[in-house]
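Just below is one structure, and these are the notes that go with it.
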Amino acid sequence: MINKRMNSGFLPRIGAVALVTSALLAGAVSAPALAQTDTARSAPAAASAAGYVALGDSFTSGQGAPPYILDGTNCLRSKRASYPIFSDLVSSYKLKSNNACSGASTAEIPLQLAGVSPSTALVTMTVGGIDAGSNIVLAACAPNPASDVCLGAINNSVAQLSILAPKLVGTYGLVAATLPQAKIAVLSYPRQFKPGFSPLGDVLNGATDALNLVIKGSVEAMDTPRIRFVDASQEFAGHGIGSRIPFFAFDALNPFALANFHPNALGNSLGYARALLNDGLLRR
C-alpha cells in the first residue's frame, strides 16, 4: 500500500535522510552545534535561518542513541543521532537547542522554555509518557516482564491517562503563547515491540496506543493549525523490538541499559525525522 502521505518530494528527501543516517553512523558527518546561538554557521546563513527548538522527554533528547552530550545534566541528549539533529540536517530549520531531558514531564516544559527566543519558528516535542508513568513501568518490568508487579505498573499507567489531557492542553497552550511565531509539532510515541513478539510487548503496545489517543485528542482540542499532531506509527511499523531491523535500542543481556526501549539512530532518522518530513513540518 502506498503511504498516503507521500508527495512529489518524498522519495528524494527520504534518500537524504538515509544518506545522512549512514554518514553519521560512520562518523563522516558532524552533528550541528546545540548551543542556544549557532556560532558554527556563517553570519548570512544564521541570519536567514529559521530557528528550531526541541522540547520534552527522552524520546526527543535521543536517549536511545548514545553517546550523550556531556553538559552536566542527566538529560541523556544524543551527541549526534537524536531526531532533532536529523531534522536539522534535512530541512531549512536550524536547531538552536535541544532542551528535552530524560524523565521530563509536562511540569518541566516551562523550565525548558526559559531563554528560548520568541522568534523561534519550529518546535518539536514528545511529552506525556512520564506523566502517565512510563518510567515506573520500565523500572517495574525490566527485571521480570512476566511479574505481577510489571502488569500492575502497566494497569496503573493506563489509569493515569484519565487526568493527562488537561496537563497536555495546558502545556501546548504555554508553548504556543511563549513562542507566538512557532509551529508546534507534537509527535506520537511509537509502538516499541513487534506484534506477537511477547504477550507483555503486546500489552505495552496497547498502552502506547491509548496514550497516543489522549495526545492526539489534546492537540485537536487546541483547535489551531499552529499545533500539529504527528503520528509516527507508519514510519515505525515493522521495526519494533523483535523485528529484523529494530528502530529501538534493546540489550537483552542488560535490561537496565539507559538506551533500552528508546528509538535508536535508525528510529530517530527513518522513524521520527521521516514522519516530520512526510507530514510537511520541516518545510517552511
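Would you be able to tell me the number of residues in the range 138-150 that are farther than 15 Å from PHE193 by Cα and buried (at least 16 other Cβ atoms within 10 Å of the Cβ)? Step through it out loud before you land on a result.
First pass over the range 138-150, keeping only residues farther than 15 Å from PHE193 by Cα: 139-140, 143-144, 146-150.
Checking the rest, the ones that are also buried (at least 16 other Cβ atoms within 10 Å of the Cβ) come to 140, 150.
The number of residues fulfilling the criteria is 2.
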Filter the range 260-284 for residues that are touching a Phe, Trp or Tyr at 6+ places or on another chain (Cβ under 8 Å) and in a loop (DSSP other than H, G, I, E, B) and give the result.
ASN260, PHE261, HIS262, ASN264, LEU282, ARG284
Go through (1) touching a helix residue (DSSP H, G or I) at 6+ places or on another chain (Cβ under 6 Å); (2) within 24 Å of ARG80 (Cα to Cα) one by one and return the number of the condition ALA221 breaks.
(2)
Expected single match for crowded, with 17+ Cβ neighbours inside 10 Å, among the acidic types (Asp, Glu) and over 28 Å from VAL149 (Cβ atoms) among ASP223, ASP279 is ASP279
Of (1) within 23 Å of ALA252 (Cα to Cα); (2) assigned to a helix (DSSP H, G or I), GLY196 satisfies every one except (2)
Right, ALA185: under 27 Å from PRO110 (Cβ atoms) and buried (at least 16 other Cβ atoms within 10 Å of the Cβ) or not?
yes
Looking at LEU253, LEU200 in this structure, which one is farther than 21 Å from ALA100 by Cβ, over 18 Å from the mean Cα position of the chain (by Cα) and surrounded by 15 or more Cβ atoms within 10 Å (Cβ to Cβ)?
LEU200
Residue among SER134, SER87 that alone is touching a strand residue (DSSP E or B) at 6+ places or on another chain (Cβ under 8 Å), at negative phi and hydroxyl-bearing (Ser, Thr, Tyr):
SER87
Only one residue in SER58, SER117, SER97, SER102 is farther than 15 Å from ALA273 by Cα and touching an Asp or Glu at 6+ places or on another chain (Cβ under 8 Å). Which one?
SER102
Note on the range 105-133: residues in a helix (DSSP H, G or I) and of a type outside the set (Asp, Glu) are THR106, ALA107, ILE109, PRO110, LEU111, GLN112, LEU113
Check whether at least one residue in the range 9-25 is assigned to a loop (DSSP other than H, G, I, E, B) and either modelled with pLDDT of 55 or more or basic (Lys, Arg) (or both), and report yes or no.
no
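The values are calculated or read from the model by the stated rules, or taken from the named source; none is laboratory data. Just so you know, these numbers come straight off a predicted model, no measurement behind them. Note that each Cβ is placed from the backbone with ideal geometry, even for glycine, and that neighbours are counted across all protein chains shown.
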